[in-house]
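Trainee: Here it is: the structure, laid out below.
The values are calculated or read from the model by the stated rules, or taken from the named source; none is laboratory data. What you see is a predicted model; the values in this text were computed from it and never measured. No Cβ is skipped: glycine too gets one built from the backbone with ideal geometry, and neighbour counts run over all protein chains shown.
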Amino acid sequence: MTVGDVPVRDSLVDVHIGKSRIIELVNGSFPTLQNVSNRVVLTPEQSVDLARSAIDATELCGSPHSELEILPTDGDGLLVYCVRISSKRPLGDFEVLIDAENGREVSRQNLMVYSRGDGMGAVYTSNPMHGNVSKERLPHLTSHTLKGEFADVINEDADCSVATDDVHVYDPDNTHFDEVNVYYNINRIHDFFRKLGCTLMDKPIKAIVHYGDDFDNAAYRPFENTIIFGDGKLRRDYAKEECICWHEYSHAVLQQIVKLFYSSESGAMNEGQADYFACSLSNDPKYGEWVASKMGQPYERTIENNLHYPEDIKGEVHADGQLWSGALWELRTALGADIADLLIFKSFYYLKSGSPRFMNGVNAILTADKNLFGGKHAKDITAIFDRRGFNRVFWGGAYGKKDIAKVLMFQRMHRE
Ligand SMILES: [Zn+2]
C-alpha cells in the first residue's frame with residue numbers, strides 16, 4: 001500500500017493460493033488513514049545524522065540507509081524516515097524512525113539477533129515479605145553487566161556488576177543485588193506490557209539503584225526516562241520490592257502515550273493506573289508491603305477499597321489515585337485480569353493530554369471497550385464507575401474541604 005509514492009509502514013497483504021488455484025487465506029493489515037499530519041522538511045541525509053546521534057553510533061559497518069515512509073498512528077499518517085544503521089559500537093542493526101518534519105525520534109529497534117542474551121541472577125520474584133531469593137533467568141542481556149535490550153541498570157554506589165558468564169548471583173545485602181533485582185523485574189513488566197501490544201518500551205529504560213543518600217522513595221523521571229530507587233530511611237530499600245519497580249515503569253509507559261499534568265484528577269489517574277498495573281502483575285491489591293514494613297504498617301496503599309468520589313478526595317495524587325485504582329481493581333475482579341489490563345492500557349490512547357478528569361478516564365475505557373470488544377463490557381464498566389461516584393464532574397482546581405463542601409451543597413440543592 002502506498003500514498004503517492006510513499007510506502008505505508010506495516011501494510012502488507014499475503015494472499016495464499018492453493019493447488020486448486022483458489023484463494024485459501026488472505027492476511028495482513030490495511031491501515032485506514034484519514035490524513036497525513038506532517039510534511040517533509042528534512043533530507044534523508046539529515047535523518048541519517050539524527051538517527052546516528054540518537055543511538056550514539058561511533059563506529060559503523062557499511063553505510064546507513066534512509067527511506068521515507070508513512071507511519072499509521074491512530075487513523076492519521078505520520079511521514080517518517082526509516083533509517084537503518086549497522087553499528088559496531090554500540091553493537092546492533094538499528095532501525096530508527098525519524099519524524100520527517102521536525103527530526104524527532106519516533107521509535108528505535110535493534111533488529112540484531114543475538115547468539116546469547118540470557119544470563120542468570122539471584123532475585124526476589126515476589127516482595128521479600130512473601131518469598132525467598134531464587135535464581136532466575138535474566139533475559140535480553142546485551143552486555144556482561146545489567147544492560148540489555150529493555151533495561152540499563154546503574155549502581156550509584158559502586159561500579160556495575162560484571163560477569164563474563166552472565167551469572168549475577170549475590171546475597172541481598174551485597175550492593176549488586178539490587179541491580180540484578182531491578183533488571184529482572186523491569187524485564188517482567190516490559191514483557192507484560194508487550195503482551196498487551198505495547199512496543200513503545202522496546203528500548204532500554206535507564207534505572208538507578210542506591211540513588212542518593214537516605215532517599216526514601218522511588219520515582220520515574222520523564223525528562224531523562226529514568227527510574228530511580230532510594231535505599232529508604234523510614235522505609236526499606238525500594239529496589240527489592242517488585243511492585244515498586246512495576247509502578248514506576250507504568251508511569252513511563254503512560255508517558256510514552258499521553259502527557260498528563262501531575263496534579264488533581266489527571267495526577268490521581270496517573271498514580272492510580274501505576275498502582276493498578278503493579279498490583280495486577282503481582283496479583284495482589286496490597287502495594288508496598290516490604291517498604292512500609294519498617295514503619296510497622298501492613299502496606300503503603302491498598303487498591304482493594306470502597307473509596308467514593310468526590311467526598312474521599314484528599315488533594316494528594318497518591319491518596320486520590322486510590323479512588324481510581326479501587327475502581328480499576330473492581331473492574332479486574334468483574335472482567336478478569338486479561339480483559340481489564342487490556343482495556344486500561346488501551347484507554348491511555350483515548351485520554352487527552354493535559355488535565356483530563358476522572359470522567360474522561362471512564363470514557364476512555366468505554367471507548368477502548370467499544371473498539372476492542374464492540375462495547376460488550378460497557379454495562380459492567382458504567383455500573384462500577386457510577387457506583388463509585390465517577391458519573392459526576394467535580395470542581396476544577398485544587399481540592400480542599402471547602403470545595404468538597406461546595407460539591408455536597410450543590411448535590412443537595414439538585415437532589416443528586
Ligand atoms: Zn507514582
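Trainee: All but one of (1) in a loop (DSSP other than H, G, I, E, B); (2) over 25 Å from residue 357 (Cβ atoms); (3) in contact (Cβ under 8 Å) with a residue 60 or more places away in the chain hold for residue 224; which doesn't?
Mentor: Answer for residue 224: the failing condition is (3).
Trainee: Please work out if residue 316 is away from the ligand (no atom under 15 Å from the Cβ) and modelled with pLDDT under 95.
Mentor: Against the criterion (away from the ligand (no atom under 15 Å from the Cβ) and modelled with pLDDT under 95), residue 316 does not qualify.
Trainee: Also, I was wondering about something else. Does the stretch 346-355 include one or more residues that are part of a loop (DSSP other than H, G, I, E, B) and either touching an Asp or Glu at 6+ places or on another chain (Cβ under 6 Å) or within 16 Å of the ligand (Cβ to nearest atom) (or both)?
Mentor: no
Trainee: Name the residue that is modelled with the highest pLDDT, counting only residues in the stretch 46-60 that are of a type in the set (Val, Ile, Thr) and surrounded by 13 or more Cβ atoms within 10 Å (Cβ to Cβ).
Mentor: 48
Trainee: Residue check: is residue 303 within 14 Å of the ligand (Cβ to nearest atom) and in contact with a Cys (Cβ under 7 Å, 6 or more places away or on another chain)?
Mentor: Yes, satisfied.
Trainee: Of all residues in the stretch 116-128, which are in a loop (DSSP other than H, G, I, E, B) and buried (at least 17 other Cβ atoms within 10 Å of the Cβ)?
Mentor: 126, 127, 128
Trainee: Within the stretch 202-255, track down each residue that is more than 16 Å from residue 189 (Cα to Cα) and of a type in the set (Asp, Glu).
Mentor: The answer is 213, 214, 216, 224, 231, 237.
Trainee: For the stretch 206-221: of the residues being within 16 Å of the ligand (Cβ to nearest atom) and touching a helix residue (DSSP H, G or I) at 6+ places or on another chain (Cβ under 6 Å), which is nearest to residue 177 (Cα to Cα)?
Mentor: 207
Yes or no, residue by residue, for (1) hydroxyl-bearing (Ser, Thr, Tyr); (2) outside the structural domain of residue 356 (by TED's automatic domain parsing); (3) closer than 19 Å to residue 124 by Cβ; (4) within 15 Å of the ligand (Cβ to nearest atom):
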site: 223; (1), (2), (3), (4): no, yes, no, no
site: 235; (1), (2), (3), (4): no, yes, yes, yes
site: 258; (1), (2), (3), (4): no, yes, no, no
site: 272; (1), (2), (3), (4): no, no, no, yes
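Trainee: Just one of (1) within 12 Å of the chain's Cα centre (by Cα); (2) assigned to a helix (DSSP H, G or I); (3) aromatic (Phe, Trp, Tyr) trips up residue 184, so point out which.
Mentor: (1)
Trainee: Tally the residues that are in contact (Cβ under 8 Å) with a residue 40 or more places away in the chain, more than 15 Å from the chain's Cα centre (by Cα) and assigned to a strand (DSSP E or B), restricting the search to the stretch 187-221.
Mentor: 4
Trainee: Still on this structure: Please state which of the following conditions residue 291 fails to meet, knowing it meets all the rest: (1) within 14 Å of the ligand (Cβ to nearest atom); (2) modelled with pLDDT of 95 or more.
Mentor: Of everything listed in (1) within 14 Å of the ligand (Cβ to nearest atom); (2) modelled with pLDDT of 95 or more, residue 291 misses just condition (2).
Trainee: Here's something else I'd like to know. So residue 264 fits all but one of (1) more than 20 Å from residue 320 (Cα to Cα); (2) away from the ligand (no atom under 13 Å from the Cβ); what number is the exception?
Mentor: The one condition residue 264 does not meet is (1).
Trainee: Determine which member of the set 66, 107 is closer than 30 Å to residue 180 by Cβ and surrounded by 16 or more Cβ atoms within 10 Å (Cβ to Cβ).
Mentor: 107
Trainee: Same structure, new question: Just name the residue that is surrounded by the fewest Cβ atoms within 10 Å (Cβ to Cβ) out of those in the stretch 376-403 that are at pLDDT 95 or above and either in contact with a strand residue (DSSP E or B) (Cβ under 8 Å, 6 or more places away or on another chain) or assigned to a loop (DSSP other than H, G, I, E, B) (or both).
Mentor: 376
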